[in-house]
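Inspection log for the structure reproduced underneath, given as structure tokens.
The values are calculated or read from the model by the stated rules, or taken from the named source; none is laboratory data. Just so it is clear, the model here is predicted, and its values are computed rather than measured. Cβ coordinates were reconstructed from backbone atoms using ideal geometry, including for glycine residues, and neighbour counts include every protein chain displayed. We work out accessible area using only protein heavy atoms, side chains counted, and drop any ligands, DNA or RNA first. Shrake-Rupley method; radii C 1.70, N 1.55, O 1.52, S 1.80 Å.
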Amino acid sequence: DYVVVKMIPDNRLPPRHLHSVHTGKTFAVIKWESPYDSPDQDMLYAVAVKDLVRKTDKIYKVKTRNSTVEYTIKKLEPGGKYHVIVQLGNMSKESSMKINTVPLSAPDALKIITENDHILLFWKSLALKESNFNESRGYEIHMFDSLMNITAYLGNTTENFFKVSNLKIGHNYSFSVQARCLYSGQMCGEPATLLYDELGTGEDSSASKTRRSTDVAAIVVPVLFLLLVTLGIGFVVLYMRHRRLQNSFTAFANSHYSSRLGSAIFSSGDDLGDEDDEAPMITGFSDDVPMVIA
């Protein structure tokens, strides 16, 4: 024996299993289930989003018959904090959760350049990779002194560099640069951190390596360039000498070429000066040839 029981839907129950599926910088995907299984009609939900930083509220309406509901909350702010409440439109019991959006990324390529009495912090513009960042918002810089165990706020800037002075010899510092915090420091970007190892040398470990490699490159590149130029000049000189020797030999060979024999005739050193041996010998003068004396 068995009996079938059909429960009467209770619209005063809260949505079930409210949770976040995915959270980005400016949006959040939430998901929940209807108060009871297999609704037989459309259900109207009210999604209230409370901005815990700005102290503002927004309400969205969602109408569906699905047992499982997925909804995307848009136009949120990076690094924001929100309280989300979901309930039926008849103001039944509610389900709630808190959401923290993803903050802005840290600036890239943070570097330190050491000067005589100060250092300069450099970094890439955050607007190059964050479409939600405006340069007018600026950056803020913090410094941590590990010897004194003190964190100090150095200031903010809208530029991509910052000057730091009055550093103490023998202290180790950590500098961090991030998108400027809004609303009393509640909405900040991710910090980019770099260690400055002073230790009386005034050089950051990474900065010193960079400068050393730069110095080595500054020496090696000109030397290689001079070597290439020297090799090039040497090849040109050798080529010119080769051409001159070839031309001299060709001229010499042509001057000793006999068209009758079809070859060049070279004589030894003993024969030099004997070119006139084959000339006919003058034996005398004929009596009938008059002699003219100038």
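Quick look at the values:
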quantity: Residue that is surrounded by the most Cβ atoms within 10 Å (Cβ to Cβ), among those in the stretch 56-88 that are of a type in the set (D, E, K, R) and more than 18 Å from residue 19 (Cβ to Cβ); calculated: 77
quantity: Filter result for the condition that a residue is on the phi < 0 side of the Ramachandran plot, open to solvent by less than 60 Å² (accessible area, probe 1.4 Å) and in contact with a Lys or Arg (Cβ under 7 Å, 6 or more places away or on another chain), over 47, 53; calculated: 53
quantity: Candidate set from the stretch 184-212 (those that are modelled with pLDDT of 85 or more and hydrophobic (A, V, I, L, M, F, W, C)); member that is surrounded by the fewest Cβ atoms within 10 Å (Cβ to Cβ); calculated: 195
quantity: Hits in the stretch 137-183 (condition: touching a helix residue (DSSP H, G or I) at 6+ places or on another chain (Cβ under 8 Å), surrounded by 16 or more Cβ atoms within 10 Å (Cβ to Cβ) and not aliphatic (A, V, I, L, M)); calculated: 139, 180
quantity: Residues that are open to solvent by 80 Å² or more (accessible area, probe 1.4 Å) and not in a strand (DSSP E or B), drawn from the stretch 9-41; calculated: 12, 37, 38, 40, 41
quantity: Unique match (being touching an Asp or Glu at 6+ places or on another chain (Cβ under 8 Å), assigned by the TED database to the domain that holds residue 117 and under 24 Å from residue 78 (Cβ atoms)) among 160, 156; calculated: 156
quantity: Subset of the stretch 213-261 [of a type in the set (Lys, Arg) and either surrounded by 10 or more Cβ atoms within 10 Å (Cβ to Cβ) or modelled with pLDDT of 70 or more (or both)]; calculated: 241, 243, 244
quantity: Residue 133 of a type in the set (Phe, Trp, Tyr), in contact (Cβ under 8 Å) with a residue 24 or more places away in the chain and in a loop (DSSP other than H, G, I, E, B); calculated: yes
quantity: Residue within the stretch 108-121 that is in contact (Cβ under 8 Å) with a residue 12 or more places away in the chain, in a loop (DSSP other than H, G, I, E, B) and open to solvent by less than 20 Å² (accessible area, probe 1.4 Å) present; calculated: no
quantity: Subset of the stretch 122-136 that is open to solvent by 30 Å² or more (accessible area, probe 1.4 Å) and in contact with a helix residue (DSSP H, G or I) (Cβ under 9 Å, 6 or more places away or on another chain) - its residue that is farthest from residue 35 (Cα to Cα); calculated: 135
quantity: Looking only at the stretch 42-84, and only at residues there that are in a strand (DSSP E or B), among the hydroxyl-bearing types (Ser, Thr, Tyr) and touching an Asp or Glu at 6+ places or on another chain (Cβ under 7 Å), the one that is nearest to residue 189 (Cα to Cα); calculated: 82
